Amino acid sequence: MKSIYKISALVLCLMATTISHAQCFQKKSMFLDLGIGIAIYNTEVYNYENDSTKTGKAGSVIIPLTFEYGVGNRIGVGLQLVRQNFIAGKDSTNNTKPDAHSGEINLLGNYHFYRSDHTDLYGGITLGISGFKYNSNNANKAILDAGGSFTDLHFGARFLFGNHTGMLLNLSFPTMNYIQGLASDNQGNEVNFDLKFSGFTIGTGLTYKF
């Protein structure tokens, strides 16, 4: 009888070990994600000079670099660096193309609601700071500069091909708020503005588990 108990205990220990190693994400897991995505935004610009607000649309190509560390079996925290290049067409009157981009430094928290040996599904929130710059590249040399906040609600999935490398998919709903930005040109004109982006992003990329 004692031998049966010993064998049962050994089997349970082996099962527990197998289960603990079968999780793609667990406590002390470390992931590095390099992504690329497309963002679609609603925009809102407030002009302090004439007390007016204009709305519009914008799109961008996003390149995020994210590091996440497992502080628990289902909870992860991380740091994220993001580069956004906004999509702009040529000005037909002077054949110039404006340049607009932003950069973010963010902290994030994730809850991993599904974990298997090669699959990790999670959702979370991101908080950070953002800087925005627009250069008209025309004769007036109009430039817009602004700093503000970044927040999002996001959902993601990692799929490992083996023990370390894999691919990722994500969907997020970001908001960027820029307060008291400055628009200026080479004629000496200066105007303060507020700018808001809100919308959604979809993306993919590569992931590496350390």
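What follows is calculated from the coordinates using simple rules that are stated; it is not laboratory data. All figures in this text were calculated on a predicted structure; none of them were measured in a lab. All Cβ positions, even for glycine, are placed from backbone atoms using ideal geometry, and neighbour counts span all protein chains on display.
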>> If R₀ is 30 angstrom, what is the calculated FRET efficiency for the pair residue 125 and residue 47, using the beta carbon separation as r and rounding to 0.05?
In response: 0.45
>> Which of rounded, prolate or oblate describes segment 32-132 when judged by the alpha-carbon gyration tensor and an a/c cut-off of 1.5?
In response: prolate
>> Using only Cα atoms and rounding to the nearest 10 degrees, what angle (0 to 90) does helix 2-21 make with the longest principal axis of the chain?
In response: 10
> Of 125, 175, 25, which is farthest along the charge dipole of the chain in the positive direction, counting Lys and Arg as +1 and Asp and Glu as -1 at C-beta?
Replying inline: 25
> If r is the Cβ-Cβ distance from residue 30 to residue 99 and R0 is 45 Å, what FRET efficiency results, to the nearest 0.05?
Replying inline: 0.80
> Relative contact order, percent, of the chain when contacts are C-alpha pairs under 8 Å separated by at least 6 residues?
Replying inline: 21
